[in-house]
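Peer 1: Mind having a look at this structure? Questions to follow.
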Number of protein chains: 2
Amino acid sequence: MKLQQITLVAVVLALTSSAFAEGKPEDEIRYRQSVMNVNGRAFGPMAQMAQDKAPYNKDVVVKNTAIVEMMIGLPWNSFAAGTEKGAPTKADMKVWSEGAKFKESAEKSQKAVTALATAVKGGDEKAIKAAIGDVGKTCKGCHDDFRLKEFRN
Amino acid sequence: MKLQQITLVAVVLALTSSAFAEGKPEDEIRYRQSVMNVNGRAFGPMAQMAQDKAPYNKDVVVKNTAIVEMMIGLPWNSFAAGTEKGAPTKADMKVWSEGAKFKESAEKSQKAVTALATAVKGGDEKAIKAAIGDVGKTCKGCHDDFRLKEFRN
């Protein structure tokens, strides 16, 4: 089973199960924020390239796509029931009250990242930039719907 | 060039260069903390297994080693000059005043992680547990020398 399949399974399991959080809520909140931070740091430069705001750098794209591909599978378990609060968070309560929609958004991101990884393997710059754009849209879509502008307690 | 070679090169470049931080100090501090958090969450269960405090789970070891292997290359650029302060941090000022020793510690961790990845590919549980233990020692060594017990500003 390839890593991207494992992570997709992990997303589905995490979001369809009603499992409670593994650790303390504050640790889960910190962990999902850490994953998103590492993910954002990897994705940011690629988004710049896709929008022609930075020169295309194949090595960065290969390295950072691998990071994004790994990170995208990691945060979802840490949105389990019981992690709604416990530390400052930007997670909208809709993550829990509209769980099915959140799950769908997370799966869209996962699929877009898988498609990006495939495009990167293909090596075609235009296709890769389009795939980066598609990932960015799924990030933004989920953030628009489920991420608050400011931290809440 | 394989990912582990790339990350080793990245460590060496990051720690031998006198490059200043890419981003704002607070962003660099947050990023290196995020990487360490993701790294710790992946390594923790393996450390438990290596000490026979948790049952050995090959799938977790494979998945988490891949995460650790990726994370170990990421934080070092974010300890560049200019990131000594700017947000609460546990980084001892010795990171900067004893840069050569810090570099050596970071490289030890990198090498131990590379050896763990090799052991995981080999599949021998005893060798894998020993390699996990070796990684843990390098983590602890660097934390003992360069990580404060409490956050400082």
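The values are calculated or read from the model by the stated rules, or taken from the named source; none is laboratory data. Every value quoted in this text rests on a predicted model; they were computed, and no experiment measured them. Because the Cβ atoms are built from the backbone with ideal geometry, glycine has one as well, and the counts that use them run over all protein chains shown. What goes into the accessible areas is simple: the full protein's heavy atoms, side chains included, and nothing from ligands, DNA or RNA. Shrake-Rupley method; radii C 1.70, N 1.55, O 1.52, S 1.80 Å.
Peer 1: For the stretch B:41-153, with all protein chains present and a 1.4 Å probe, just round the carbon and sulfur fraction of the accessible area to a whole percent.
Peer 2: That share works out to 54 percent.
Peer 1: With each run of n ≥ 4 DSSP H residues scored as -39500 (n - 2.57), what mean residue ellipticity at 222 nm is computed for chain B after dividing by its residue count and rounding to the nearest 500 deg cm²/dmol?
Peer 2: The helix contribution divided over chain B gives -23000 deg cm²/dmol.
Peer 1: Put a point 7 Å out from Cα along the line to Cβ at B:Gly82; what are the distances to that point in the other copies, in nm, shortest first?
Peer 2: For B:Gly82, the other copies' label points sit at 4.3 nm, shortest first.
Peer 1: Here's another thing I want to ask about it. Need one value: the accessible area of B:Tyr31 in square angstrom, 1.4 angstrom probe, rounded to the nearest 10.
Peer 2: 20 Å²
Peer 1: Another question, then. Tell me the per residue accessible area of the stretch A:76-152 using a 1.4 Å probe; a whole number in Å² is fine.
Peer 2: Per-residue value: 53 Å².
Peer 1: Still on this structure, I have one more. Once the whole set of protein chains is in place, how much accessible area is left on B:Thr114, using a 1.4 Å probe, in Å² to the nearest 10?
Peer 2: Estimated to the nearest 10 Å², B:Thr114 gives 40 Å².
Peer 1: For A:Lys137, A:Lys108, write out the residues from largest to smallest accessible area, computed with a 1.4 angstrom probe and no ligands counted.
Peer 2: The residues order as A:Lys137, A:Lys108, largest area first.
Peer 1: Here is a further query. Are there trypsin sites (Lys or Arg not before Pro) in the stretch B:32-70 that DSSP puts in a loop and that have at most 15 other Cβ atoms within 10 Å, and which ones?
Peer 2: B:Lys53
Peer 1: What residues in the stretch B:54-102 lose 50 Å² or more of accessible surface when the other protein chains are added to their chain alone (1.4 Å probe)?
Peer 2: So the qualifying set is B:Lys63, B:Met70.
Peer 1: While we're on this one: Within a 10 angstrom radius of each residue's Cβ in B:30-41, how many Cβ atoms of other chains show up on average? Whole number is fine. If you can, show how the numbers build up before the last one.
Peer 2: Details: counts 4, 5, 0, 4, 11, 4, 1, 8, 10, 2, 2, 10.
Rounded to a whole number, the mean comes out at 5.
Peer 1: Based on the Kirkwood radius over alpha-carbon pairs, what value in µm²/s does the Stokes-Einstein equation return for the translational diffusion coefficient of the stretch B:70-153 at 4 °C and 1.567 mPa s?
Peer 2: Estimated via Stokes-Einstein, D reaches 93 µm²/s.
Peer 1: On the rotation axis linking copies B and A, which residue of B comes nearest by its Cβ, and by how many whole Å?
Peer 2: For the rotation taking chain B to chain A, the closest Cβ gives B:Ser34, 2.
Peer 1: Sticking with this one: Counting pairs of Cα atoms in the protein assembly as shown, how many percent are more than 26 Å apart?
Peer 2: Roughly 47 percent, rounded to a whole number.
Peer 1: Now for a separate question. Hey, can you list the DSSP H helices of chain A whose Cα span along the axis is 30 Å or longer and whose average Kyte-Doolittle score is at least -1.0? Don't jump to the answer; show the numbers that get you there.
Peer 2: Details: long enough: A:25-50 (36 Å, -0.67); A:99-122 (34 Å, -0.33); A:125-146 (31 Å, -0.38).
Those that clear 30 Å and a mean of -1.0 are A:25-50, A:99-122, A:125-146.
Peer 1: Still on this model: Tell me which residues come under 5 Å, amide H to amide H, from B:Leu148 once H is placed; ignore anything under 5 positions away on its chain.
Peer 2: For B:Leu148, whose amide H was placed from the backbone, the distant partners under 5 Å are B:Ala91, B:Asp92.
Peer 1: Counting other Cβ atoms within 10 Å, which GluC sites (Glu not before Pro) in the stretch B:51-153 have at most 15 and lie in a DSSP loop?
Peer 2: Values: sites: B:Glu69, B:Glu84, B:Glu98, B:Glu104, B:Glu107, B:Glu125, B:Glu150; in loops: B:Glu84, B:Glu98.
Of the GluC sites (Glu not before Pro), the ones in loops of the stretch B:51-153 whose Cβ has at most 15 other Cβ atoms within 10 Å are B:Glu98.
Peer 1: Another question, if that's okay. Can you tell me, using C-alpha contacts under 8 Å and at least 6 residues apart, the relative contact order of chain B as a whole percent?
Peer 2: Working: 183 pairs, mean separation 48.6, N = 153.
With pairs under 8 Å counted, the relative contact order is 32 percent.
Peer 1: Anything over 31 Å Cα to Cα? Flag those among A:Lys63/B:Lys111; A:Lys58/B:Lys129; A:Lys140/B:Lys137; A:Lys101/B:Lys140, in the order listed.
Peer 2: Values: A:Lys63/B:Lys111 19 Å; A:Lys58/B:Lys129 36 Å; A:Lys140/B:Lys137 41 Å; A:Lys101/B:Lys140 42 Å.
In this structure, A:Lys58/B:Lys129; A:Lys140/B:Lys137; A:Lys101/B:Lys140 lie more than 31 Å apart at Cα.
Peer 1: Taking the full set of protein chains and a 1.4 angstrom probe, give the accessible area of A:Phe146 in square angstrom, rounded to the nearest 10.
Peer 2: 10 Å²
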